Amino acid sequence: MRNLIYAVISIFIFTTSVGAQTGTPANDPYSSNPENYPSDWKPREFQCKNLDYIPDFSLGHYSDPNDDEIEELCECIDENIKNGWVRPTGRKLKKGEEFTSTLVARGLIKAFSARLGEKIMLCVKQSKDPPNEAIKGIDAYKKSTGVMPGEFIRLSPREREAYARGVLDGENFIYTQVKHPLLKKVNYCINKDFNLIISRIVYFKESKLERKYLMPWSISTLLGEICSKNKNTTEEEYKRNTRSFDLATLQMDDPAEENGEKIERAFIRGVIDGKVFSLHGLGWSKLPAYLNCLSIPKNMEGILSYFNSATLFAENLNSLALNVSSAEGMVCKNL
């Protein structure tokens, strides 16, 4: 059920609605807070056609499951309903039948909505969770290669900027490949508010960081706060690719050779983290193998070496993220 990625749920019972959201950040350019969605967003409603006790419900931003996926979701919900009172209460609500008293009705509607919302949450979470191999791969990647918030706040300001640029470039690289539906909106936002976004990332307040997740998760939430305010709908190309000149400028601000290498490494890790974040959200089937390759220390050194060679020979100087991807291709072959 790979299309059921976004888990902000509303259950509609007459004029009563119950909203729920996951405890983890949404894996898309908007945060999991529905207040950050565009004002013109309207949830698409779904039905469990074979279950007569479940009211219409909606899923999160840009969720677009097909009929088979909805059927699978509904089966999961039904399997997880254990309390005997839930089904008859739902049938009564759907038919508009009266309860013995208004007080009883209010209590049952509240309890029914909470219980059903909880089960939909559970099933959506199961549908978007990566397989065990990917979970293990993410854990290994976090420990060996990925930048976690605890490490990020210890980086120098120039390293943070290089890393932030890399994340934005890496995410754009993947979303361009798959023609993500939010691509033009996010491109417009980053093109327009690039300096603000970079500044906010560089000077992230520690309390705002999602400490259990790789840094792109925190950056995604920040983009949601900034980009949801933009109303642009025109096609936009990404104009903020990190060029060789941009990276060299950051390195010149801190002329020590070892610091220049740190800045370069931070950029490369940013690109890779951004790609991992995007591929994780898209449910890429080869993600476990990709993570395993990236988690090997010598492979990261190989990527750095290939990147330096490509840059030395003036390849893709207007988009260094392409050199990172080419270097990955040389090291992590057949992916």
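Bear in mind these aren't lab numbers, they're just calculated from the coordinates by the rules spelled out. Keep in mind that this is a model prediction, so the values were computed, not measured. All Cβ positions, even for glycine, are placed from backbone atoms using ideal geometry, and neighbour counts span all protein chains on display.
Quick notes
- Links that overshoot a 23 Å alpha carbon limit, given the list 142/184; 185/239; 205/229: 142/184
- Taking 0.36 nm per residue of sequence separation and removing the Cα-Cα distance, the residue 243/residue 313 pair yields an extension gain of 23.8 nm.
- Alpha-carbon centroid distance for the pair the stretch 285-304 / the stretch 238-280, whole angstrom: 18
- Computing FRET efficiency as 1/(1 + (r/R0)^6) for residue 261 and residue 143, where r is the C-beta to C-beta distance and R0 is 25 Å, gives about 0.70.
- Ordering 56, 169 by the number of other Cβ atoms within 10 Å of each residue's own Cβ, fewest first, gives 56, 169.
- Förster radius 22 Å - calculated FRET efficiency between residue 194 and residue 289 (Cβ-Cβ, nearest 0.05): 0.05
- In summary, the lysines within cross-link reach of residue 143, defined as a Cα separation below 18 angstrom excluding same-chain residues under 8 places away, comprise 212, 275, 298.
- For the stretch 293-299, 3J(HN,Hα) computed residue by residue from phi via the Karplus equation (6.51, -1.76, 1.60; θ = phi - 60°) reads 5, 5, 7, 8, x, 5, 5 Hz, glycine and proline entered as x.
- For 313, 152, the sequence from fewest to most other C-beta atoms within 10 Å is 313, 152.
- Residue exposure proxy: 196, 312, ordered by other Cβ atoms within 10 angstrom of their Cβ from fewest to most, comes out as 312, 196.
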